[in-house]
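The values are calculated or read from the model by the stated rules, or taken from the named source; none is laboratory data. Model, not experiment: these values are computed from the prediction. Cβ placement follows ideal geometry from the backbone for every residue including glycine, while neighbour counts extend to all protein chains displayed. Side chains included, ligands, DNA and RNA excluded: accessible areas come from the protein's heavy atoms. Shrake-Rupley method; radii C 1.70, N 1.55, O 1.52, S 1.80 Å.
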Amino acid sequence: MILTVAAIGLLVRHFNTPALLPKQAVAVDPHAPILAPEDEVHSKYAGSKTCIECHKAAFEKWQYSNHGLAERNISKDEDYHSFSPKQALVHGKDTSEAFVDADGLAKILTVGLDKQRHAYQPVRVIGNNPLRQFLIPAPGGRLQTCDVTLDPAKNEWFDVYGDDEREPGDWGHWTGQGMNWNAMCAACHNTRLRKNYEPQTNSYHTSMAEMSVSCEACHGPMKDHVDWQKKPPSGVKKDPALHPFSRDQVTETCAACHARRAELTGDLIPGELFADHFSLTVTDETETFYPDGQIRDENYEYTSFVSSRMYHAGVRCADCHDPHSGKRIAPGDQLCMNCHAGGRTDFPTAPVIDPTAHSHHGVDSTGNQCTSCHMPVTTYMQRHPRHDHSFSIPDPKLTKEFNVPNACNKCHTDKDADWAIAANKNFFGEKPDRPTRTRALLVANARQGNPASRDGLVKMLDSEPIPAWQATACHLLERWVLDPSVTQALLGQISNKSPLVREAAVRALGPVVRANNAVVRSALQPLLEDPVRSVRIAAAWALCDTLDLNTRAGKELVHMLDLNADQPTGRMQLGQFATLRGDNPSAIRQMRKAIQLDPNSPPFHHDLAILLSTSGDTKGAVDELRQAIRLDPENPEYHFKLALSLNESGDIPGTVASLEKTVKLDPSYARAWYNLGLIRSSMNQPKPAIDALRHGESADPSDASIPYARATIHARLGQKSEALTAATRALQLRPDFPEAAQLIQALSRP
């Protein structure tokens, strides 16, 4: 729900922002509290009005910008014209109304948590342009962000969910935790916010230094600076309270809100290292980003930007955006040509481009604009168009192969990918695959579990120059992390100079630690003292079964878990933490709380089922897996786990049916084929069993247990040659496979 607002400016490439924080990180006292007391912190803020006298021009640009108006109290002058006369909004099966009541108060009549229509009084507005959302008080110190939303340019009400109907009780309904301002919106719409969630009472007492994205939200606390300027000592010209931010500090301050990320501290401090407060979401095994790094979900700008060649070449937010007005510093292609016309000594690698010749479109056409092709727009929240910041090259071949969008077809909606491929070839000729395309293909194939991707990802760790993509390779390799070559490759990245890569490598290695690999456990131990918090927390998570919670990393991990306990995913993490610490009863309690917060999320039912199964409650596990399948019937993993639970309960027909459903949904699910082969064999169905195992071998040619299982069936049937071939294959795959060696020895006897 964070509105995209522009950041900082190009013609001031060496722009420095005053702040109270030094450029370099200072040593951290391991015994210091994770967060300083909020009264002490907030007392260092002077308020934006104190900036007017000395910084009038900057203040006037900021005051009515999307930053300046990121959050405010509802105003009769500004807002009531949208409530009067009454306006009705039909959305889905509901009708909501915005009106002014008999007491002169703005109200929104809509369906609440009890499924009844009520007239709610909004008290605040978040966002400015292109949309405004209204905050409604709720019990426990909550503010909820209503789905009935205003387009101020049209003075038109609309449903921010569009056609996605959400029911009361859903996590994402406006009354649910997914639309809770305290947790989801407040930190980035205000200055130095503390969420202050109390799990014991399930309530908030959220506080902030100043409402909205104020001057000090970006510049840091300035009371000492203001006080010094009022009475500067005689003969002293330099304000000791000011410490200039570096270009990277400025950009990471923008990133704190313009990024998809996980919270680590709940205390957004301008100028401090992003990775000391957040864990960045990058392109990974999920569908959050497209395989080439383009935005897919509501991802804001930073990940795409930090994954781009532009960022890698040294471009920062301050090179394109004005910090105070929130606008680009130059119009249209002029902004891009500041670098791509040549002559920039600070960006010597920027290619010189003639936009019209390069674009092959008419001078006045949309296709002649640099951003149309290299920063295509995706609209979020129904009315909010955002430019992709990956600066991608349109590639219709990726569209055809993996449904990755390309800018050509985004404009030429009446044409297909084949047309775009032909046009691309006509414009630019036949060219070999560029590195970005090769990388996207590797990521796309890895997501599908293609074993051939593994070696390419290992090479990518060393050959890829952009840390964000190295981190992507780390995440994708987790699927194969128990392979010794993959383990070794990831261990090589735990000393990478980028904390983003170190964190990703450590997270990927977690399963190896849990597989009792003492070498990896020992290698990760020093990272509990890594200089960057996100890496320390990743190491703490990987080692949490034996972690001393009184160490700095232990305290930081517990703080992060507690901070996010007001969200269902936070409860899920607490459940995982309890499981890793060997406390299954606590883990089950946490997962039940996650389901209370979000009853319609299939993964929570799945995870609870696993916990119940390991605790011996097979019936409970079956019930939860059936719930997960009801919510997500096409997920093969849920059907596979149901098959295992049904097998434990002795339901053989149900087990077979669930395994058959699994492989129907995912023919490459090797373990499902393996289990199907075993159970068919136990049912005295040798031919179907062998057929299933052959499918399993095709799906995963590296799994030695599958040909071994087939060898035992062939041997039982007296098919000596087939049995010997299969057993030999198993031993080739796993030389330390004694059962396979014994079977070969037995079959070799005359």
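Could you order peptides 529-540, 381-392 by the average number of other Cβ atoms within 10 Å of their residues, highest first?
Final packing ranking: 529-540, 381-392.
In the context of the full set of protein chains, residues of region 580-622 present 45 Å² of accessible surface per residue (probe radius 1.4 Å, heavy atoms only). Each label point was placed 7 Å from the Cα along the Cα-to-Cβ direction; for Val377 and Glu430 their separation is 3.8 nm. A Förster distance of 25 Å, applied to the separation of the beta-carbon atoms of Ala657 and Asn584, puts the FRET efficiency at 0.30. Residues in region 682-715, backbone N under 12 Å from the label point at Ala746 (7 Å along the Cα-to-beta-carbon vector): list them, ranges by number please. Zone members listed by number: 711-715. Around Asn129, with a cut-off of 11 angstrom between Cβ atoms, what is the net charge of the other residues, counting Lys and Arg +1 and Asp and Glu -1? Net local charge, Asn129 excluded: +1. Here the gap between Thr288 and Ser203, fully extended at 0.36 nm per residue and compared with their Cα-Cα distance, gives a gain of 27.5 nm.
Note on the chain: Rg/Rh from C-alpha atoms, Kirkwood Rh, equals 0.99.
So, R0 is 51 Å and r is the distance between the beta-carbons of Val236 and Ala102; what FRET efficiency does that work out to, to 0.05? Once the sixth-power term is evaluated, E becomes 0.25. Classify region 188-278 as rounded, prolate or oblate, taking a ≥ b ≥ c as the square roots of the eigenvalues of its Cα gyration tensor: rounded when a/c is under 1.5, otherwise prolate if a/b is larger than b/c and oblate if not. Judged from the Cα gyration tensor, region 188-278 comes out oblate (a/c at least 1.5, b/c at or above a/b). Net charge within 14 Å of Asn496 by Cβ-Cβ distance, Lys/Arg positive one each and Asp/Glu negative one each, not counting Asn496 itself? Taking every Cβ under 14 Å from that of Asn496, the sum is -1. In the chain, the DSSP-assigned H stretches of four residues or longer account for a calculated mean residue ellipticity at 222 nm of -12500 deg cm²/dmol, using -39500 (n - 2.57) per stretch and the full residue count as denominator. For the peptides 86-93, 460-467, residues were scored by their other Cβ atoms within 10 Å and the scores averaged per peptide; the highest-first order is 460-467, 86-93.
What net charge do the residues around Gln576 carry, taking every other residue with its C-beta under 12 Å from that of Gln576, with Lys and Arg at +1 and Asp and Glu at -1?
On the way: positive: Arg514, Arg571, Arg581; negative: Asp545, Asp583, Asp607.
That sum, taken over residues with Cβ under 12 Å, equals 0.
Rolling a 1.4 angstrom probe over region 684-750 with all protein chains present gives an accessible area of which 52% lies on carbon and sulfur atoms.
Which stretch or stretches of region 384-414 have amide N atoms under 20 Å from the point lying 7 Å from His358's Cα along the Cα→Cβ direction? Backbone N within reach: 387-396, 406-411.
So how strong a dipole does the chain carry about its Cα centre when Lys and Arg Cβ are +1 and Asp and Glu Cβ are -1, to the nearest 20 debye?
1040
Charge dipole of region 485-583 (Cα centre as origin; +1 on each Lys and Arg Cβ, -1 on each Asp and Glu Cβ, all else neutral): 220 debye, rounded to the nearest 20.
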